[in-house]
Amino acid sequence: EDKSLPAPVRIKLDDTDPAKIKLGNGSDVKGTRVRVFGRVHRERRQKEVMFITLRDGYGFMQVIFTGPLAKTYDAITLTRETSMEILGELREVPAGAHAPNSRELHADYFKIHPGCKAAGGDDAITNRVSKDTEHATLLDLRHLTLRGENSSKVLIVRDAVEHAFHVVYKDLRMRKVSPPALVQTQVEGGATLFKFNYYNEDAYLTQSSQLYLETCLPSMGDVYCIEKSFRAEKSLTRRHLAEYSHVEGELDFITFEDLLEHLELLMCRVLEETMSDPLIKQYVMELNPEFQMPERPFMRMKYTEAIDWLVEHEIPNEDGEPHKFGDDIAEAAERKMTDAINRPIFLTHFPAEIKAFYMPKDKDDPRVTESVDCLMPGVGEIVGGSMRIHDYDELMEAFKRVDIDPTPYYWYTDQRKYGSSPHGGYGLGLERFLAWLCKQHTVRDCCLYPRYFGRCKP
Ligand code: 4AD
């Protein structure tokens, strides 16, 4: 290191973090000497010059080694993913050349910390993860594929979306709570419960925090949570995980129409908040160039209208027959319809028989419930919500209808004894929302380490 050169500028992230220099910063410090840290994303040698694209999760920087620096042993044997510290002068790229943020670092010193050199030869990352690697192997190597540009963009957008939910929920004066994951009650049917031994009692991993959120209304007002939900899904599909992030809200003293309006507002505000960060917007548009903000109000379609639509368009039910009232609209049919309509749809008023026990009947048509699914092109259902039965006797009837013993639900039924209220809520699958926003084929690519039928590693 040449100590006679000007001391490197330390680009501040904020005042509490004076030492870290991120590669996404620095377009404003062209002409100054900086110190950067990162990993070798790509490297290219050209006679006497070596070009390195350095990556640190905040951005990319082109670094140039010339003269003796390019001839050092460490430079000659440099492997991809090696992490390094580099000092040099940031300069504008010459006219006609391209580099991230239109600047490049002319290095005068670099250091590879002992033990930080990435494996080379047969074990080089490019030999373990490439275009030709088998799909199953790539899944086992998620810890390495995460470093890819698309995977990391999706996860960075995910971080922004999750943050946006918190921001918008605060704007809407909703309070965050953290319900338990280990429970003794079901919410969405026994078929997908993960059961385990809890100190010699039966317990489950939660399917939804809804029932707990409902208990918070009297003390905290409108509430939300972003927690994991678990479903023992027994098939492999593009949109089912065994563990997923569930954004759930519960609103007090509302009507069904209020619920729909809230959902529209929430989703649009979250998208606006997310896209207000230029880097995140850039990532979304790179992943999903056709992305357009959805128009409000969302299209409303009753279940019976959907059945008519499916019959008209000759999309059969799971038995290969024309859809009829009472059929569960299967994933494939739902997606065909959503893709054809090609805009967000609120599908409402499902028959009680195909929905959860807690959903109240519609006053005007007791065959159906005050329920809603929000469907998005490319993915299908991303939100499920409803009003909740608030009358004690009606709820007890509902337990009887689906043959669930209400005893373990005493804390839930008590809500109907002590100051019940008309209320409703919803759950949004974060990975499905992201699959739609980032145009990903499967929700598996929208979480860090996906868990689904047959996979619990890495
Ligand atoms: O429609 P669901 O089952 O509704 C509930 O759990 C309600 N109790 C939520 C509530 O009202 N608080 O699930 C809600 C959403 C779905 O629309 C979907 O986006 C997501 O959760 N979801 C899944 N996402 C990934 N993998 C799975 N196996 C999912 N199951 C549901």
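Any read-out appearing in this document is the output of simple, stated calculations on the displayed coordinates, not a laboratory observation. The shown structure was predicted, so the numbers you read here are calculated from the model rather than taken from an experiment. Here the Cβ is made from the backbone with ideal geometry for all residues, glycine too, and neighbour counts use every protein chain on show.
A simple packing score, the average count of other Cβ atoms within 10 Å per residue, orders the peptides 375-386, 297-308 as 375-386, 297-308, with the highest score first.
Farthest toward the positive end of the dipole of segment 95-182, out of Leu141, Ala124, Tyr169, is the Cα of Tyr169, where the dipole comes from beta carbon charges about the Cα centre. Residues of segment 338-373 with an amide N closer than 20 Å to a point placed 7 Å from the Cα of Trp309 along the Cα-to-Cβ direction: 338-352, 354-355, 368-373. Each of Leu266, Leu182 was scored by other Cβ atoms within 10 Å of its Cβ. Arranged with the fewest first, they read Leu182, Leu266. Peptides 434-441, 256-263 ranked from most to least packed, by the mean per-residue count of other Cβ atoms within 10 Å: 434-441, 256-263.
Pairs of Lys residues in segment 74-186 that lie 8 or more places apart, or on two chains, and have C-alpha atoms under 30 angstrom apart add up to 6. Restricting segment 330-421 to trypsin sites (Lys or Arg not before Pro) that sit in a DSSP loop and have at most 13 other Cβ atoms within 10 Å of their own Cβ leaves Lys363, Lys417. Fully extending the segment from Ile404 to Ile156 would add 85.1 nm, taking 0.36 nm per residue of separation and subtracting the current Cα-Cα distance. The trypsin sites (Lys or Arg not before Pro) of segment 47-100 meeting both criteria, a DSSP state outside H, G, I, E and B (loop) and at most 10 other C-beta atoms within 10 angstrom of the site's C-beta, are Lys47.
Positive-end ranking of Ser209, Thr185, Ile76 along the dipole of the chain, with charges on Cβ about the Cα centre, is headed by Ile76. The stretch between Glu48 and Lys363 holds 105.4 nm of extra length on full extension. This uses 0.36 nm per residue minus the Cα-Cα distance. What you get for the chain, charging only the Cβ of Lys and Arg (+1) and of Asp and Glu (-1), is a dipole of about 2420 debye around the Cα centre.
On a straight-distance basis, which lysines could pair with Lys302 in a cross-link, Cα separation under 24 angstrom, same-chain partners fewer than 8 positions away excluded? Output for Lys302: Lys324, Lys336, Lys355, Lys361, Lys363.
In this rough spin-label picture, where each label sits 7 Å from Cα along the Cβ direction, the Glu290-Glu92 distance is 3.9 nm. Largest first, the three principal axis extents of the alpha carbons in segment 143-446 are 53, 47, 37 Å in whole numbers. Ignoring aspartates and glutamates fewer than eight residues from Lys228 along the same chain, the ones with Cα atoms less than 12 angstrom from its Cα are Glu243, Glu248, Glu431. Its Cα gyration tensor gives segment 158-291 an equivalent ellipsoid, and the semi-axes of that ellipsoid, as √(5λ) in whole Å with the largest first, are 29, 21, 13. For segment 27-122, the convex hull spanned by the alpha carbon atoms encloses 105 Å³ per residue.
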